[in-house]
Amino acid sequence: MRVHHLNCGSMREIEGPVGERSAAVCHCLLVETEQGLVLVDTGIGLHDIADPPRTLGSDFVSWARPVLDPAETAIRQVEALGYDVGDVRDIVMTHLHLDHAGALADFPEATVHVSATELKTATTADRYPHQQWAHGPRWAAYDFDEGDIWNGFENVRPAEGLPSEILLVPLPGHTDGHLGVAVACESGWLLHAGDSYYYHGELASAPAPAPDMLEALQSSTETDRELRLANVRQLSSLAASGVRVFCAHDPWEFRDALRG
Ligand SMILES: [Zn+2]
């Protein structure tokens, strides 16, 4: 299947290898399937840009400094590729934090696939941005008590109604219901690892710690550090085996993905 890598929300710069600085991204995927387009995560949406404090909150805006450029939204990029909003029939979410769920309202007719644990937490916890799904998405929620083994990851399952080349991979730790999304594209499998980690150096054979700012952010948001780090080790092995693994916000991984 053809996969487009989209940055749906540039944010403040982070420092990378040898002092190189680059703006953080919201790395999303647009997958062309025979059943229509599938969006993986949504980034920052038009409603966020129209009234940032309402959906993103003032704290996030002042800390993350999102660029808030309409041209970066998923809907505008979908249109630029020649598609209509209705062509995006399904959205698969790694989790429902505000920098991932911002554009759900831009695709009000899409089915939104998400972990049942994540959905329950998001719809009951104050820290999630309830305004981003006030339009009432058609949720498809999944339990992961059982499933298949995929490249060593357990309880992996396909999303209902989607091709078997798109798989939901439980990667808890950042949130309890956090998922990775595996996609078989023309050049092989890739795995969108969401916020399982923030910095590509964490997957290296000799791991490099994330920049202090990102490490502090991860520590303040993760729900189970041991579980998350165990997943990062497994993601590192997966990457070493040749699968393209990337997280949501690392600009260097995004740049590499664009290069193919
Ligand atoms: Zn995030």
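In the range 88-140, of all residues being under 22 Å from VAL3 (Cβ atoms) and of a type in the set (Val, Ile, Thr), the one that is farthest from the ligand (Cβ to nearest atom) corresponds to THR111.
State all residues of the range 96-145 that are among the charged types (D, E, K, R) and either part of a loop (DSSP other than H, G, I, E, B) or under 16 Å from the mean Cα position of the chain (by Cα) (or both); if no residue qualifies, say none.
ASP99, GLU109, GLU118, ASP126, ARG127, ASP143, ASP145
Pick from the range 180-208 the residues that are aromatic (Phe, Trp, Tyr) and part of a loop (DSSP other than H, G, I, E, B): which of them is nearest to the ligand (Cβ to nearest atom)?
Applying the filter and picking the extreme gives TYR198.
Considering the range 1-16, and only residues there that are in a strand (DSSP E or B) and touching a Ser or Thr at 6+ places or on another chain (Cβ under 8 Å), the residue that is farthest from ASP212 (Cα to Cα) turns out to be GLU13.
Residues of the range 14-59 being acidic (Asp, Glu) and either under 16 Å from the mean Cα position of the chain (by Cα) or away from the ligand (no atom under 16 Å from the Cβ) (or both), which ones?
GLU15, GLU20, GLU32, GLU34, ASP41, ASP51 - these are the residues of the range 14-59 that are acidic (Asp, Glu) and either under 16 Å from the mean Cα position of the chain (by Cα) or away from the ligand (no atom under 16 Å from the Cβ) (or both).
You will find that of ALA110, ALA105, ALA101, ALA116, the residue that is of a type in the set (Gly, Ala, Ser), touching a strand residue (DSSP E or B) at 6+ places or on another chain (Cβ under 8 Å), at pLDDT 95 or above and surrounded by 20 or more Cβ atoms within 10 Å (Cβ to Cβ) is ALA110 and no other. Residues in the range 209-242 that are within 16 Å of the ligand (Cβ to nearest atom), acidic (Asp, Glu) and not in a helix (DSSP H, G or I): 1 in all. Which one of GLU160, GLU154, GLU186 is of a type in the set (D, E, K, R), over 14 Å from the mean Cα position of the chain (by Cα) and under 22 Å from ALA122 (Cα atoms)? Selected residue: GLU160, the only one of GLU160, GLU154, GLU186 that is of a type in the set (D, E, K, R), over 14 Å from the mean Cα position of the chain (by Cα) and under 22 Å from ALA122 (Cα atoms). Residues that are more than 21 Å from HIS192 (Cα to Cα) and in contact with a helix residue (DSSP H, G or I) (Cβ under 8 Å, 6 or more places away or on another chain) within the range 85-121 comprise VAL85, ASP87, ALA105, ASP106, GLU109, listed in sequence order. Find the residue count for the range 92-129, including only residues that are over 16 Å from THR221 (Cβ atoms) and among the aromatic types (Phe, Trp, Tyr). Adding up the residues that qualify gives 1. For the range 199-247, a residue qualifies if it is of a type in the set (S, T, N, Q) and in contact with a strand residue (DSSP E or B) (Cβ under 9 Å, 6 or more places away or on another chain), and the qualifying residues are ASN231, GLN234, SER236. Here GLY86 meets the list (1) among the small types (Gly, Ala, Ser); (2) in contact (Cβ under 8 Å) with a residue 24 or more places away in the chain; (3) closer than 18 Å to TRP133 by Cα almost entirely, failing just condition (2). Residues in the range 148-181 that are of a type in the set (D, E, K, R), without any contact (Cβ under 8 Å) to a residue 60 or more places away in the chain and more than 17 Å from GLU226 (Cβ to Cβ): ASP148, ARG157, GLU160.
Regarding ARG76, is this residue more than 15 Å from the chain's Cα centre (by Cα), more than 16 Å from the ligand (Cβ to nearest atom), modelled with pLDDT under 95 and farther than 20 Å from GLY161 by Cβ? No; evaluated as a whole, the condition is false for this residue.
The values are calculated or read from the model by the stated rules, or taken from the named source; none is laboratory data. Just so it is clear, the model here is predicted, and its values are computed rather than measured. Note that we place each Cβ from the backbone using ideal geometry, even for glycine, and neighbour counts take in every protein chain shown.
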